[in-house]
Amino acid sequence: MADTVHRALDVDSHALRIVHRINELGSITAAARSLGYSQPAVSQHLKRLEARLGLPLVAKSGRGVRLTEAGRILARHAATVTQALDAAAGELSDLAGLRSGRVTLAAFPSASATVIPTLLRGLSQRHPGVQLSYLEAEPPEAVRAVRDRAADLAITFSYTGDQADPHRQSAQGLTVAPLWRDEMLVVLPREHPLAGHSRIDLARLAEDQWIGGCPRCRAHLLDLAARSGFTPGISYETDNVVAVFGMVAAGLGVALVPALAIAASPLPTGIVARPTTAGDFRTIHLVGAEGSESVPAVAATIRAIGEIDAAPWSLFGAGSGPHSAHAGAGHPR
């Protein structure tokens, strides 16, 4: 008998949906209407299923019908089965829609060696049909690329209080969502008097020589220093973070760099990185054109970015912040 029932339950999803709807709505007519079937078609599905099971599923009740005990058992399990089938159909539909998808992503340099390789690997494994092109660009250029449709998405960053923040005016009409917080760290020689401190007050570095980074990074340094009551003496300027570390190691000055830059280019021997007492950070954003998430390949890329574990790069969730002191050169979210 059990084998007979198992074979009988090898039914199409239409019959399961019908039984489930009759249980919910209380009549064959209502079930047919909700599913977009004709009433005769629903009746035929029920008769075929009853014949295969050898059990009645519905019985007349006044002017309508009610489910029998067998019908109620089937209806109870049909809800789970049809939900699972719908979920599978949705995932398969997404996959089918991604067979020829193409996405162009722009991001800043320190993301190139950290976030981007992880994203590319994960996306290629999960959605091999999505072709992801990558453009390296600083935030203003990356935002402009999305606006000009040269890129579908951009990973960017901004500093609190930055008057030149590209997400203010230039990103109007685009969607800007925070992804992570990237803590700013002071990089200094291991023999520096403050190197042993767990956190550093920038005001105590007022007499030190500084090495400036990218233009927006230098502007942020000037802003932080002004808030600490001094103007930093910037002796050297370079966009190359490896060069910055080399200059610090040579004793030419100190620098302020984001944790992600250290994750991309680990500190050489002889220098350390320490957070500031103010807990300063930059915010990393995801920028896209409004409505772009309706494109399957773009939506898949957005999901893949959201699923990235950023802890190995010392990034915190956008709504959280650093809570533990950094020791040595190592640091995460």
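The values are calculated or read from the model by the stated rules, or taken from the named source; none is laboratory data. It should be emphasised that the depicted structure is a prediction, and the values quoted were computed from it without experimental measurement. For neighbour counting, all protein chains shown are included, and Cβ atoms are generated from backbone atoms with ideal geometry for every residue, glycine included.
Brief remarks on what is shown
- Residue match in segment 264-271 (condition: of a type in the set (Gly, Ala, Ser), in the same structural domain as residue 110 (by the TED database) and under 30 Å from residue 124 (Cα atoms)): no
- Test result for residue 56, at pLDDT 85 or above, out of contact with any Ser or Thr (no Cβ under 6 Å at 6 or more places or on another chain) and not charged (D, E, K, R): no
- Remark: residue 266 matches the filter, which requires a residue to be assigned to a loop (DSSP other than H, G, I, E, B) and not acidic (Asp, Glu).
- Residue in segment 307-328 that is closer than 18 Å to residue 117 by Cβ, aromatic (Phe, Trp, Tyr) and in contact (Cβ under 8 Å) with a residue 12 or more places away in the chain present: yes
- A single entry from 248, 287 fulfils the requirement of being over 29 Å from residue 177 (Cα atoms) and in contact with a Leu (Cβ under 9 Å, 6 or more places away or on another chain): 248.
- Between 111, 89, 96, the distinction of being within 30 Å of residue 46 (Cα to Cα) and either over 19 Å from the mean Cα position of the chain (by Cα) or at pLDDT 70 or above (or both) belongs to 89 only.
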